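As structure tokens, the structure follows; a few thoughts come after it.
The values are calculated or read from the model by the stated rules, or taken from the named source; none is laboratory data. What you see is a predicted model; the values in this text were computed from it and never measured. Because the Cβ atoms are built from the backbone with ideal geometry, glycine has one as well, and the counts that use them run over all protein chains shown.
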Amino acid sequence: MLDNMPRGTICIEDIEIGMVRYLRKTVTDRDISLFAEVSTDHNPVHLDEAYAQDTIFQGRVAHGMLTAALISAVIGEQLPGHGAVYLGQSLKFMAPVRPGDTVYAEVKVTAIDHAKRRVTLETDCGVADTVVLKGETVLFARSPKLGYGG
């Protein structure tokens, strides 16, 4: 299940400090299995409930990078959208995401360098009232006026 804000491409000329975009996604067992296949990360803490019960998580958890990928989805589909190029991402994992959890992934514009077409975003993910991931993204944004995209 996805609950997205409207999709589209926002060029750097239209991006403003404080702009926010988000999505909500319920993480399913299938998502975790597919992510394990794509990433080749088959750590049993993600896939084997009996194994995971004996870990600090006391049960299965989604891959941290699966949660982080939701940030990429907001950036690639909403802010700034298609044509954005990731330059860097910092991540701090704060709490686990479990199968069935609905993750709220949000990006917020904190800085813009028009000359370099770089945008800095605060990136956060949460489950209910718990912050599960915090980070920062720097990206290259489209600009039809400056010859990239349109």
Residue check: is Glu49 more than 19 Å from the chain's Cα centre (by Cα), surrounded by fewer than 14 Cβ atoms within 10 Å (Cβ to Cβ), at negative phi and in contact (Cβ under 8 Å) with a residue 24 or more places away in the chain?
-> no
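Residues checked against (1) more than 30 Å from Ile12 (Cβ to Cβ); (2) of a type in the set (Asp, Glu); (3) in contact with a His (Cβ under 6 Å, 6 or more places away or on another chain); (4) touching a residue at least 40 places away in the same chain (Cβ under 8 Å):
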residue: Thr55; (1), (2), (3), (4): yes, no, no, no
residue: Ala84; (1), (2), (3), (4): no, no, no, yes
residue: Asp101; (1), (2), (3), (4): yes, yes, no, yes
residue: Tyr104; (1), (2), (3), (4): no, no, no, yes
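Hey, can you tell me all the residues within the range 108-136 that are closer than 17 Å to Leu66 by Cβ, among the β-branched types (Val, Ile, Thr) and surrounded by 15 or more Cβ atoms within 10 Å (Cβ to Cβ)? Give the steps one after another, and end with the answer.
Of all residues in the range 108-136, those closer than 17 Å to Leu66 by Cβ come to 123-127, 130-135.
Going one step further and asking which of them are among the β-branched types (Val, Ile, Thr), we end up with 123, 127, 130-132.
Scanning the range 108-136 gives Thr123, Val127, Val132.
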Looking only at the range 1-44, count how many residues are touching a His at 6+ places or on another chain (Cβ under 6 Å), modelled with pLDDT under 95 and aliphatic (A, V, I, L, M).
-> 0
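Can you tell me which of Ala84, Ala73 is among the aliphatic types (A, V, I, L, M), surrounded by 14 or more Cβ atoms within 10 Å (Cβ to Cβ) and under 11 Å from the mean Cα position of the chain (by Cα)? Walk me through it before giving the result.
Details: Ala84 fails: under 11 Å from the mean Cα position of the chain (by Cα).
Going through Ala84, Ala73 in turn, just one is among the aliphatic types (A, V, I, L, M), surrounded by 14 or more Cβ atoms within 10 Å (Cβ to Cβ) and under 11 Å from the mean Cα position of the chain (by Cα): Ala73.
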